[in-house]
Amino acid sequence: LAGAGLFAITGPTGAGKSTLLDALCLALYDRTPRLDQRPGTVRVGREGDRADERLGTHDVRHILRRGTAHGFAEVDFAGQAGRLYRARWEVRRARGREAGALQPQELALWELPDGAPLAGKKREVLAAIEERVGLTFEQFRRSVLLAQGEFAAFLRAKSGE
């Protein structure tokens, strides 16, 4: 498999396999397969949160561990043209406090090795990453990540999919 450019992330339950895939997807696409699969759009939050502070169940900021005020996911990758890039997804709570409201996530993309930033706003960064990776999130999820329980769907998929 290694000769074909494939590798597997394996390990026992709870070893962190899905967490690695979440970090990779967050850094590249601001989405994760795990949160995309949650049913419904219920607004959730902490006791005392205002309605506008509550987040939908699909919001990727839910990945921030309880008791933390800041988190990030970062990945270095080679783009289609062979150039190297670093993508970063970051979220923090207001005033750097564990009890602070979650702030909008930030995304960044740099060309390596010089660290020249590419794009500025979230939408521009996501478009630039998608262009360099050459896959949308759905294409990436279906062809690069075979998340738990999706291998059968991969085998049944038509070649155009």
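Values quoted throughout were computed directly from the atomic coordinates according to the rules given, and no laboratory measurement underlies them. Remember, predicted model here, so these are calculated numbers, not experimental data. Heads up, the Cβs are rebuilt from the backbone with ideal geometry, glycines too, and the neighbour counts pull from every protein chain shown.
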**Item:** GluC sites (Glu not before Pro) within segment 92-128, DSSP loop, no more than 14 other Cβ atoms inside 10 Å
**Value:** GLU98
**Request:** Relative to the compact-globule scaling 2.2 N^0.38 Å, provide the ratio for the alpha-carbon radius of gyration of segment 83-148.
**Result:** 1.35
**Item:** In order through segment 6-11: 3J(HN,Hα) via Karplus (6.51 cos²θ - 1.76 cosθ + 1.60), integer Hz, x for Gly, Pro
**Value:** 10, 8, 10, 9, 10, x
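Using a cut-off of 10 Å between beta-carbons, work out the net charge of the residues near GLN103 (Lys and Arg +1, Asp and Glu -1, GLN103 not included).
+2
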**Request:** Mind ranking 21-32, 75-86 by how tightly packed they are, going by the mean number of other C-beta atoms within 10 angstrom, highest first?
**Result:** 21-32, 75-86
